[in-house]
Amino acid sequence: MKQINAVVWGENVHERTNKIVAEIYPDGMHGCIAAALNEADGINATTATLQEPEHGLTVERLAETDVLLWWGHAAHGDVEDEIVERVADAVNAGMGLIVLHSGHFSKIFRRLMGTPCNLSWREAGERERIWVTSRQHPIVRGLPDHFELESEEMYGEPFGIPEPMETVMIGWFQGGEVFRSGVTYRRGAGKVFYFQPGHETYPTYHDANIRTVLRNAVAWAYNPEARIQDVNAAPNRSVEDALEAIEQKGPRLHEDGEEGFR
Ligand code: ZN
């Protein structure tokens, strides 16, 4: 069986600058998430970070990536626009993308959603109870009907996202707010999953249920179909090459064979 190549992209800032985060995640949050994925037989997970050349996401690396996971918070603005477009093209061509927690404000998520992706929030270490809303969905396979995280950052509605393809989990917070904690999209040939838990000062990615969701989500987001070569291609079709004879009418702005205009 083919192994799913997953790349966990980590911003890798707080792990190096904040003692609490470094103690919870001595191998970085990306390292902890990759370890969770590698517990599955069918997943081969590696990591990439903001500080690497091209943020670790070269054309060659992305070409062999089946599913990309994205955790960022403090340095969204430091991610090069060219790399964001490269990742967007890869998603449109069929690469899976899993956006975690504060990645809701990442350039790539906002680029693919086309909306502000804003939300309300509170950092109080309060309890979160996550409810499964779609029992048969592969992303929640093996989960109980609900589970709790003793401490999470509150993310509350309204969440400025487009209406999801599926809402598979809803989170309730001790302070009373609710949030669409697990939502899916399709962008081009790529599957996208946003998953809310994962504030860096709490041990969320050590939680067994969270790790199950991450593994399930990678398997769900994997699209074994062949990649489209150029997702931005917009070829012109000439009058002469039409399948049936057509008579050209009216004025025209472009010559046959011109490259797509955009
Ligand atoms: Zn957070």
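No value in this document is a laboratory result; all are computed from the given coordinates. Keep in mind that this is a model prediction, so the values were computed, not measured. Cβ placement follows ideal geometry from the backbone for every residue including glycine, while neighbour counts extend to all protein chains displayed.
For the pair GLU163 and TRP121, the difference between a 0.36 nm per residue extended length and the Cα-Cα distance amounts to 13.1 nm. Size descriptors for the stretch 1-153, from the alpha-carbon set: Rg then Dmax equal 16.1, 44 Å. What the Cα convex hull of the stretch 139-205 gives, in volume per residue, is 114 Å³.
Length available on full extension from ALA234 to ASP78: 0.36 nm per residue minus the Cα-Cα distance, which gives 53.1 nm. Maximal additional length on extending the MET1-GLU244 stretch stands at 82.9 nm, based on 0.36 nm per residue less the C-alpha distance. For HIS199, the residues 5 or more places off, or on other chains, whose built amide H falls under 5 Å of its own are GLU153. Under 5 Å between amide hydrogens, built in the peptide plane, is the criterion, and for GLU126 it picks out GLU152, MET154 among residues at least 5 positions away or on other chains.
Scalar couplings 3J(HN,Hα) for the stretch 202-214, obtained by applying the Karplus form with A = 6.51, B = -1.76, C = 1.60 to θ = phi - 60°, are 10, x, 4, 7, 8, 6, 4, 5, 4, 5, 4, 4, 4 Hz; x denotes Gly and Pro.
The ellipsoid equivalent to the alpha-carbon distribution of the chain has semi-axes of 37, 20, 18 angstrom, derived from the gyration tensor eigenvalues as √(5λ) and listed largest first. Once you've got the GNM for the chain with C-alpha springs shorter than 10 Å, pick whichever of GLN196, GLN229, GLN51 has the biggest mean-square fluctuation. Between GLN196, GLN229, GLN51, it is GLN229 that shows the largest mean-square fluctuation. Helix 81-92 sits at what angle to the longest principal axis of the chain, using alpha carbons and giving 0 to 90 degrees rounded to 10? With rounding to tens, the tilt is 80 degrees. From helices alone, the chain scores -6000 deg cm²/dmol at 222 nm; the rule is -39500 (n - 2.57) for each run of n ≥ 4 DSSP H residues, then divide by the residue total. Taking the average, over residues, of other Cβ atoms within 10 Å as the packing measure, peptides 25-36, 233-244, 145-156, 209-220 rank 209-220, 25-36, 145-156, 233-244 from highest down. A simple spin-label model places the labels of GLU225 and ASN18 3.9 nm from each other, with each point 7 Å out along Cα-to-Cβ.
Karplus-based coupling profile of the stretch 8-25, in residue order and whole Hz: 9, 8, x, 5, 6, 10, 5, 4, 9, 10, 10, 4, 5, 5, 4, 6, 6, 10, with θ = phi - 60° in 6.51 cos²θ - 1.76 cosθ + 1.60 and x standing for Gly or Pro. With a/c under 1.5 counting as rounded, go ahead and sort the stretch 1-72 into rounded, prolate or oblate using the C-alpha gyration tensor (a ≥ b ≥ c being the square roots of the eigenvalues; past the cut-off, prolate if a/b is larger than b/c, else oblate). Note, shape of the stretch 1-72 comes out oblate. Given H placed 1.01 Å from N in the peptide plane, which residues other than close sequence neighbours of GLY190 have an amide H under 5 Å from its amide H? Answer set, sorted by chain and number: GLY94.
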